[in-house]
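Read through the structure below, which is laid out as structure tokens, and then see the notes.
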Amino acid sequence: MTNIVLGADHNGIELKKLIKEYLIEKKFNPIDIGPFNTGKVDYPDYASQAAQIVANGDAQFGILICGSGIGMSIVANKVAGIRAALVH
């Protein structure tokens with residue numbers, strides 16, 4: 001089963017939930033690293049953690065969701081072996 005790590009900032013919680021449900025329906029294994037409530041968070045914490053999980057081989061892909069998307073992409077790209085892009 002393909003592991004896909006999911007992370008977000010406080011702006012991406014609801015979309016992350018929908019994506020997680022979709023992935024489960026399609027027989028993927030989502031690894032949800034949070035956050036799990038709408039309290040303000042520091043997006044770099046989640047972006048770097050998700051990127052590290054992929055870099056370590058514990059997940060094959062990652063999906064990061066935030067208000068603008070560009071910040072999380074920049075942070076994830078700082079992890080060796082990771083290539084992140086902003087997509088809409």
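Read-outs throughout are calculated quantities, based only on the coordinates presented, and are distinct from any laboratory measurement. All of these numbers come straight from a predicted model, not from anything done at the bench.
Structure notes:
- Estimated from helices alone, the mean residue ellipticity of the chain at 222 nm is -12000 deg cm²/dmol (sum of -39500 (n - 2.57) over DSSP H runs with n ≥ 4, per residue).
- Spatially, the stretch 35-76 and the stretch 1-23 are offset by 10 Å when compared through their Cα centroids.
- Short-range pairs are left out: with C-alpha atoms under 8 Å and at least six residues apart, the relative contact order of the chain is 35 percent.
- Listed options for P(r) over Cα pairs in 5 Å bins from 0, in percent are (1) 2, 11, 10, 14, 15, 15, 12, 9, 7, 4, 1, 0; (2) 3, 18, 19, 14, 11, 10, 8, 6, 5, 4, 2, 1; (3) 3, 17, 28, 26, 19, 7, 0. The value calculated from this structure is the one marked (3).
- GNM top mover of N37, N11, N29 - the chain, alpha-carbon springs below 10 Å: N37
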